[in-house]
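Structure first, then comments.
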Amino acid sequence: MAVQEASYLSIKAELDQANVTLIAVSKTKPNEDIEALYQLGQRAFGENYVQELVDKQASLPKDIQWHFIGHLQSNKVKYIAPFVHLIHAVDSLKLLTEINKQAQKSGRVISCLLQMHIATEETKFGMDATELEEALVASIHLPFISIKGLMGMASFSDNQDQIRNEFKLLHKHFNNLQMKQGAPFNILSMGMSGDYKMAIEEGSTMVRIGSLLFGARNYESK
Ligand SMILES: *Cc1c(COP(=O)(O)O)cnc(C)c1O
């Protein structure tokens with residue numbers, strides 16, 4: 001089996017020590033792999049594709065907390081609204097408004113993170129500082145969402161200084177917003193397999209780790 005059980009246990013211990021939450025990113029991986037980590041105690045899993053998440057949620061244990069970490073299209077919110085635990089990458093007010101609407105229909109409040117654009121690449125999604133402020137102001141009138149913090153992705157780069165600076169920038173914005181928003185705004189989702197240690201040094205409270213736990217992804221086989 002491709003699941004790296006020894007890696008899981010050592011990463012989990014390392015994160016517990018640092019008080020950081022581990023999201024096991026299981027996109028493209030079969031249910032058996034998720035069950036293997038579930039047996040070891042993992043409950044928080046992250047997925048990027050709506051249909052894949054809906055299928056997995058239906059067939060796996062109901063006490064799994066499902067995190068949607070990918071780019072979410074407004075017209076697909078309705079499929080995950082009944083059960084999703086946290087939506088990490090909210091990148092527009094339009095999406096936030098749709099999540100509020102679908103949360104109300106499902107009779108629940110959905111926790112969200114706002115995605116901030118920190119990478120130099122044009123292709124990565126996310127809001128700038130002004131858009132973040134606007135979304136937070138507008139959210140006062142969206143009672144079925146709860147904004148719990150920020151999420152960001154560093155540039156895909158070998159330049160460690162650049163990645164560190166992007167994490168520092170995100171952490172700075174997070175601290176500033178937390179002063180205004182107060183205690184419920186307490187999640188900073190940053191760091192993946194390749195950069196999670198640095199992300200923690202720079203103030204991450206939640207890391208999203210896939211390949212270190214499940215082995216490399218094979219997109220062709222999907
Ligand atoms: C796939 C993915 C991850 C996990 O990536 P790894 O490098 O395999 O740890 C984390 N965050 C997001 C948003 C992803 O899409």
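Summary table below
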| read-out | value |
| --- | --- |
| Selection status of LEU136, open to solvent by less than 70 Å² (accessible area, probe 1.4 Å), more than 30 Å from ALA6 (Cβ to Cβ) and part of a helix (DSSP H, G or I) | yes |
| Members of the range 31-54 found to be among the hydrophobic types (A, V, I, L, M, F, W, C) and within 14 Å of the ligand (Cβ to nearest atom), listed by number | LEU37, ALA44, PHE45, VAL50, LEU53 |
| Given (1) surrounded by 13 or more Cβ atoms within 10 Å (Cβ to Cβ); (2) within 12 Å of the ligand (Cβ to nearest atom), number of the condition ALA216 does not satisfy | (1) |
| Some residue of the range 187-201 being free of Cβ contacts under 8 Å to residues at least 60 places away in the same chain, of a type in the set (D, E, K, R) and away from the ligand (no atom under 16 Å from the Cβ) | yes |
| Lone unmet requirement of (1) within 16 Å of the ligand (Cβ to nearest atom); (2) crowded, with 20+ Cβ neighbours inside 10 Å; (3) over 19 Å from THR130 (Cα atoms) for ILE145 | (1) |
| Lone unmet requirement of (1) surrounded by 17 or more Cβ atoms within 10 Å (Cβ to Cβ); (2) within 16 Å of the chain's Cα centre (by Cα); (3) within 16 Å of the ligand (Cβ to nearest atom) for PHE125 | (1) |
| Those residues of the range 83-102 which are open to solvent by less than 50 Å² (accessible area, probe 1.4 Å) and without any contact (Cβ under 8 Å) to a residue 24 or more places away in the chain, in sequence order | LEU95 |
| Some residue of the range 103-112 being among the small types (Gly, Ala, Ser), more than 13 Å from the ligand (Cβ to nearest atom), open to solvent by 20 Å² or more (accessible area, probe 1.4 Å) and free of Cβ contacts under 8 Å to residues at least 24 places away in the same chain | yes |
| Leading residue by the ranking (most open to solvent (accessible area, probe 1.4 Å)) among those in the range 202-213 that are more than 9 Å from the ligand (Cβ to nearest atom) and under 22 Å from TYR8 (Cβ atoms) | THR205 |
| All positions within the range 7-30 that are away from the ligand (no atom under 14 Å from the Cβ) and under 16 Å from TYR49 (Cα atoms) | PRO30 |
| Residue match in the range 169-178 (condition: within 16 Å of the ligand (Cβ to nearest atom), in contact with a Phe, Trp or Tyr (Cβ under 8 Å, 6 or more places away or on another chain) and either at pLDDT below 95 or of a type in the set (S, T, N, Q) (or both)) | no |
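The values are calculated or read from the model by the stated rules, or taken from the named source; none is laboratory data. Bear in mind that the values here come from a model prediction, so they are computed numbers and not experimental data. Because the Cβ atoms are built from the backbone with ideal geometry, glycine has one as well, and the counts that use them run over all protein chains shown. All accessible areas refer to the heavy atoms of the entire protein, side chains included, with ligands and DNA or RNA removed. Shrake-Rupley method; radii C 1.70, N 1.55, O 1.52, S 1.80 Å.
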